[in-house]
């Protein structure tokens, strides 16, 4: 199954290259997105009058990123700004709110119904919406349609073929997970970024860190994870590609003291894609790459 999915994904990435808006003329609208995931999701729905610029540098951690002067200049020059919202760009919220008084500043999270979001408390939701492929993809289409209404010329492309491909990809991932009993679908990670993924494909999960990588964790969180891993007989835990951490080693040692062997799997992509040109270097390729890493680790534990 992983082999057939990989072959499909290569074709899907080639399809994305074909559906992404071509190079725009000098009179193009400049659309700035905060993340690469947003740029990848919205570009198939914008015509050639738009050029897309990603604000965050490659591999940056968005929860704690603070804009530099060149970022502010780029935002000021943009015709419209698209951001994730749901407090992902926590240090930019007041700036984006202020900027929204003079130009379109659109949150992708706005286009997702509240019942489809995962609540954290009474006032906030999990921002990692890109790990639900269809949820994120359809919201991006709605955001592009919204841009069409606020800019002076039509920019929207009704790209049903692209949406159908996202649905097909999601179905393949679902079938892939259905091959593994639910009792074995246990995802242990450093960063709590996979709630939407785990909800979609019915995995149990635990993490050391909250939804923000700025959140702290200590011995209690480590002990809780050890308890969870031993209780659920999990064999693999994952670190994060864009963060160096020794925390999982502590978890591994704690499990060993309880007579439970824990393997550290390949680092997963969380808040940013991987290196450009790789399968995980774009969205939804990063979701596919994570799925392959997790499945591979589970099949060898």
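Before moving on, here are some points about what is shown:
- Meets criteria (part of a helix (DSSP H, G or I) and not assigned by TED's automatic domain parsing to the domain that holds residue 194) for residue 153: no
- Taken together, 226, 236 contain a single residue that is modelled with pLDDT of 95 or more and within 22 Å of the chain's Cα centre (by Cα), which is 236.
- Scanning region 74-85 turns up no residue that is out of contact with any strand residue (DSSP E or B) (no Cβ under 9 Å at 6 or more places or on another chain), at pLDDT 95 or above and within 25 Å of residue 126 (Cα to Cα).
- When the residues of region 70-101 are filtered to those that are exposed (fewer than 15 other Cβ atoms within 10 Å of the Cβ) and in contact with a helix residue (DSSP H, G or I) (Cβ under 9 Å, 6 or more places away or on another chain), the one that is farthest from residue 198 (Cα to Cα) is 76.
- Members of region 88-102 that are under 16 Å from residue 151 (Cα atoms) and in contact (Cβ under 8 Å) with a residue 24 or more places away in the chain: 99
Matching residues to (1) at pLDDT below 95; (2) assigned by TED's automatic domain parsing to the domain that holds residue 224; (3) under 26 Å from residue 88 (Cα atoms):
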{"residue": "246", "(1), (2), (3)": "yes, yes, yes"}
{"residue": "264", "(1), (2), (3)": "yes, yes, no"}
{"residue": "272", "(1), (2), (3)": "yes, yes, yes"}
{"residue": "283", "(1), (2), (3)": "no, yes, yes"}
{"residue": "291", "(1), (2), (3)": "no, yes, yes"}
{"residue": "296", "(1), (2), (3)": "yes, yes, no"}
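- Some residue of region 41-48 being surrounded by 15 or more Cβ atoms within 10 Å (Cβ to Cβ), assigned to a strand (DSSP E or B) and modelled with pLDDT of 55 or more: yes
- Selection from region 251-301 of residues that are part of a helix (DSSP H, G or I) and within 18 Å of residue 62 (Cα to Cα): 280, 281, 286, 287
- Residue in region 170-190 that is more than 21 Å from residue 299 (Cα to Cα), out of contact with any helix residue (DSSP H, G or I) (no Cβ under 7 Å at 6 or more places or on another chain), in contact (Cβ under 8 Å) with a residue 60 or more places away in the chain and buried (at least 18 other Cβ atoms within 10 Å of the Cβ) present: no
- Applying a threshold of 6 Å to beta carbon distances and a minimum spacing of six or more residues, or different chains, the list of pairs starting in region 272-293 at a residue that is free of Cβ contacts under 8 Å to residues at least 60 places away in the same chain and ending at one that is outside any helix (DSSP H, G or I) reads 280/269; 280/273; 280/274; 281/273; 281/274; 281/275; 293/266.
- For region 248-274, the set of residues classified as touching a helix residue (DSSP H, G or I) at 6+ places or on another chain (Cβ under 6 Å) and farther than 19 Å from residue 193 by Cα consists of 250, 254, 255, 258, 260, 262, listed by residue number.
Results for (1) buried (at least 20 other Cβ atoms within 10 Å of the Cβ); (2) free of Cβ contacts under 8 Å to residues at least 60 places away in the same chain, shown as yes or no for each residue.
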position: 104; (1), (2): no, yes
position: 114; (1), (2): no, yes
position: 124; (1), (2): no, yes
position: 128; (1), (2): yes, no
position: 141; (1), (2): yes, no
position: 145; (1), (2): no, no
position: 148; (1), (2): no, yes
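The values are calculated or read from the model by the stated rules, or taken from the named source; none is laboratory data. Values in this document were obtained by computation on a predicted structure and should not be read as measured data. Note that each Cβ is placed from the backbone with ideal geometry, even for glycine, and that neighbours are counted across all protein chains shown.
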